[in-house]
2 protein chains.
Amino acid sequence: VNLVLFEPHEVAGSSTVSVSGARAEHLLKVLHAVPGRQVRVGVADGPLGTGTVESVGDRSVELRCTFDEAAPPRPRIDLLLALPRPKVMRRLWAQLAALGVGRIMLTNAARVERDYFDAHTLQPEHYRPLLIEGLQQARDTHLPIVSVHKQFKVLLEDALDSLFAGGLRLVADPRGDASIASVVRAQASNRVLLAVGPEGGWNDFERRLLETHGFQTATMGRRTLRSDTACIALLALVQSGLLE
Amino acid sequence: VNLVLFEPHEVAGSSTVSVSGARAEHLLKVLHAVPGRQVRVGVADGPLGTGTVESVGDRSVELRCTFDEAAPPRPRIDLLLALPRPKVMRRLWAQLAALGVGRIMLTNAARVERDYFDAHTLQPEHYRPLLIEGLQQARDTHLPIVSVHKQFKVLLEDALDSLFAGGLRLVADPRGDASIASVVRAQASNRVLLAVGPEGGWNDFERRLLETHGFQTATMGRRTLRSDTACIALLALVQSGLLE
C-alpha cells in the first residue's frame with residue numbers, strides 16, 4: 001500500500017482519523033507505524049495529503065491528516081468489457097483501478113454465460129474494497145464508476161452516448177490490422193473508450209453494432225489472451241498511445 | 001483452450017494419441033468432441049497441426065494427429081524479474097506464456113523476501129502445466145526457459161551475457177523519462193531483455209549494476225503497479241514497440 005485511502009465519511013468533521021482493520025494491520029506490520037511517522041493519505045474521489053501517526057493501539061492507528069494536494073487527473077480511458085467469468089472478474093477489479101480507468105461498463109454478449117451476472121463479485125460491497133486496494137497501490141483516488149448492462153444492444157443504442165460523450169471509440173480485435181498504439185496516436189483524442197470482448201470474441205452482430213456506433217478496430221497481435229491479461233495489456237497500450 | 005498441446009513423449013512413435021485428465025475433460029465438455037471433429041494440436045517446443053477425434057470414452061479421447069505446420073516464431077522478449085511473492089508468481093506463469101516470453105530469469109533483489117525462493121511454485125512440476133495452459137490459450141508451442149538466480153550480482157556479472165547475448169536491455173522504472181514504446185522503436189532491436197523490479201523497486205546498488213550492464217531506463221508512467229500487472233503491461237508495450 002502506497003497510500004491510505006479513506007471513505008469521505010471517515011474524514012468528515014475532524015482532522016484526526018482512527019484506522020482499524022486491514023489498513024491498521026498494514027500500517028502496524030508493514031509500515032511499522034510509530035507516533036510521528038508520516039504516510040501518504042487520500043480521500044476516495046477527493047484530494048491527496050499527508051497523515052501523521054498520533055498514537056498507536058494494538059489494532060488501531062490514529063492519524064492526523066491534512067489533505068492539501070489536488071487529486072491526480074481523472075483517468076482518460078473508459079472500459080466496455082464483456083463480463084468475464086467471476087473468477088477472472090474478481091482478479092481484475094484491483095488491477096483495473098491500479099491502471100486507472102474512469103468507467104467500467106460490464107456488458108452481456110452472445111459468448112458471455114448468463115449466470116455470470118449473478119456473481120457475488122458484481123455487488124458493490126464486494127468490488128469497492130478491491131477497487132480501493134488498487135487505488136492505494138497506484139496512489140490514485142478516482143474510483144472507477146461501474147455499471148452493469150444485461151443487454152448489449154440496449155447499452156449501445158440507448159445508454160452509451162450519455163456514458164461516453166466524446167472521444168475515440170476502439171474495439172480490440174485480433175483480426176484487425178492497425179495497432180492500438182498507432183490508432184490512438186493518430187487520433188489524438190482526449191478520452192478513449194476501449195471495448196474488450198469475451199474470450200470467444202464478439203459475434204458478427206455485435207461487431208457490426210460496435211462499428212455502427214463508431215468503434216474503430218485495432219489489434220495487439222494474433223495471440224488469444226484470457227480476459228484479464230487482455231484488459232491489462234490493452235489498457236497499457238492505450239495509455240501509452242495517449243501519452244505520446 | 002484454443003490448442004491441445006502435447007509433451008514430445010506423448011506423440012513419439014504413433015500418430016494416434018490418447019488424451020485423458022483435464023485435457024480430455026475440456027475436449028468432451030467444452031468442445032463437445034465427437035468422432036470426426038477436428039481440433040488444433042501442437043507439441044511442446046515443436047510444430048502445430050490438426051487432431052481428428054477417432055473415438056471418445058468416458059474420460060478419454062483418441063486423436064489422430066498430423067503435425068504439418070511450423071511452430072510460430074520464438075518470442076522476441078526475455079524477462080528478468082525480481083521474484084514476486086508466491087501468490088503473485090503463481091498467477092503469472094500462464095499469463096507470461098500466453099503473452100509470449102523466450103526466457104524467464106527470476107532473481108533475488110534487496111526488496112525480495114528470501115523465503116519466496118522456497119515456494120512450491122518455483123518447482124518445474126508446478127509451473128510447467130501452468131506454462132502449457134498459457135500456450136494453449138495463445139496457440140503457441142514455445143515454452144519459456146525458466147532459470148532461478150539467488151544472487152543478483154552473480155546473475156548480472158557472470159551469467160547474463162550467455163543467457164541474453166545480443167539485443168536491447170531495458171529496465172522499467174517509474175522515474176524514467178523515455179516511454180517503453182519509444183525506446184524500443186528507436187533501437188529496432190531483434191530481441192529485448194526487460195528487467196522488472198520488486199514492488200518496492202530496485203535499490204540504488206541494483207540500479208547502478210543494471211546500468212553498468214547496459215540496461216536503459218524506460219517508463220510506463222508514474223503509477224506503482226503490482227508485479228503481475230506491471231509485467232503484463234510492460235510486456236505488451238515492448239511487444240507493440242517491436243512490431244512498429
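The values are calculated or read from the model by the stated rules, or taken from the named source; none is laboratory data. Worth saying up front: this structure is predicted, and the values here are computed from it rather than measured. Reconstructed Cβ throughout: ideal geometry from the backbone, glycine too, with neighbour counts over all protein chains shown. Please note that ligands, DNA and RNA were not included when accessible areas were found on the heavy atoms of the full protein model with its side chains. Shrake-Rupley method; radii C 1.70, N 1.55, O 1.52, S 1.80 Å.
Convex hull volume of the Cα atoms of the protein assembly as shown, normalised per residue: 166 Å³. For segment B:79-138, the dipole from Cβ point charges (+1 on Lys and Arg, -1 on Asp and Glu) about the Cα centre works out to 160 debye, to the nearest 20.
Taking each DSSP H run with n ≥ 4 as -39500 (n - 2.57) and averaging over every residue of the protein assembly as shown yields -9000 deg cm²/dmol at 222 nm.
For segment B:145-211, just say rounded, prolate or oblate: build the C-alpha gyration tensor, square-root its eigenvalues into a ≥ b ≥ c, call rounded for a/c under 1.5, and beyond that prolate if a/b exceeds b/c, oblate if not. Oblate.
Of the beta bridges in chain A, as assigned by DSSP with both residues counted there, near 40 percent are antiparallel.
Each other copy places its own label point for B:LEU163 at 4.4 nm from this one, sorted shortest first, where the point lies 7 Å along the Cα-to-beta carbon line. With 5 Å bins beginning at zero, the pair-distance distribution over Cα atoms of chain B amounts to 1, 6, 13, 16, 16, 14, 10, 8, 7, 5, 2, 1, 0 %. Derived from the Cα gyration tensor, the three semi-axes of the equivalent ellipsoid of segment A:1-85 are 27, 17, 11 Å, largest first. Distances between copies of A:ASP58, taken at a point 7 Å out from Cα along the Cα→Cβ vector and listed shortest first: 5.6 nm. When Rg and the Kirkwood Rh are both derived from Cα coordinates, the Rg/Rh ratio for segment A:37-87 amounts to 1.22. Other residues lying with their Cβ under 13 Å from the Cβ of A:GLY167 contribute a combined charge of +3, Lys and Arg counting +1, Asp and Glu -1.
Take every Cα pair under 8 Å in chain B that's 6+ residues apart, average their separations, divide by the length, and report that relative contact order as a whole percent. Kindly include the intermediate steps, with their values, before the conclusion.
Values: 469 pairs, mean separation 47.7, N = 244.
In percent, rounded to a whole number, it is 20.
Shown in residue order for segment A:68-78 are the 3J(HN,Hα) couplings computed by the Karplus curve 6.51 cos²θ - 1.76 cosθ + 1.60 at θ = phi - 60°: 10, 10, 4, 4, x, x, 5, x, 8, 10, 10 Hz (x for Gly and Pro).
Under 5 Å between amide hydrogens, built in the peptide plane, is the criterion, and for B:SER55 it picks out B:GLU62 among residues at least 5 positions away or on other chains. If we hang a label 7 Å off Cα along the beta carbon direction at B:ARG128, how far is it from the matching labels on the other copies, in nm, shortest first? Copy-to-copy label distances for B:ARG128: 4.8 nm.
Shape call for segment A:199-239 from the C-alpha gyration tensor, a ≥ b ≥ c root eigenvalues: rounded (a/c under 1.5), prolate (a/b greater than b/c) or oblate?
On the way: a/c = 2.36, a/b = 1.47, b/c = 1.60.
Here segment A:199-239 falls in the oblate category.
Taking one quarter of the surface of the C-alpha convex hull of segment A:26-128 gives a mean projected area of 8.4 nm².
Taking every C-alpha pair closer than 8 Å and separated by at least 6 residues, the mean separation divided by the residue count of segment B:99-244 gives a relative contact order of 30 percent.
Between B and A, buried accessible area from a 1.4 angstrom probe totals roughly 2400 Å², ignoring ligands, DNA and RNA. Once neighbouring chains are kept in place and the probe is 1.4 Å, which whole percent of the accessible area of chain B is contributed by carbon and sulfur? Summing carbon and sulfur atoms, their accessible area is 48 percent of the total for chain B. Seen from B:SER189, the other residues with C-beta closer than 12 Å to its C-beta sum to a net charge of +3, counting Lys and Arg as +1 and Asp and Glu as -1.
Each residue of segment B:136-149 was assigned a 3J(HN,Hα) from its phi angle through the Karplus curve 6.51 cos²θ - 1.76 cosθ + 1.60 (θ = phi - 60°); the sequence is 5, 4, 9, 6, 10, 10, 7, 6, x, 8, 9, 9, 10, 10 Hz, with glycine and proline shown as x. Is the shape of segment B:83-138 rounded, prolate or oblate, going by the alpha carbon gyration tensor and its root eigenvalues a ≥ b ≥ c, with a/c under 1.5 for rounded and a/b larger than b/c for prolate? It comes out prolate by the Cα gyration axes.
B:THR52 sits among other residues whose Cβ lies under 14 Å from its own Cβ, and their net charge, with Lys and Arg +1 and Asp and Glu -1, is 0.
Roughly what % antiparallel, to the nearest 5, for the DSSP beta bridges in segment A:14-116? All intermediate terms of the calculation are to be shown ahead of the outcome.
Working: 16 of 20 bridges.
The antiparallel fraction comes to roughly 80 percent.
For segment B:98-172, how big is the tail of P(r) above 22 Å, as a whole percent of Cα pairs? Counting pairs separated by more than 22 Å, the tail of P(r) holds 35 percent. The loop-placed GluC sites (Glu not before Pro) in segment B:138-227, going by DSSP, include none that has at most 12 neighbouring Cβ atoms within 10 Å of its Cβ. Farthest toward the positive end of the dipole of segment A:1-136, out of A:ALA33, A:THR66, A:LEU3, is the Cα of A:LEU3, where the dipole comes from beta carbon charges about the Cα centre.
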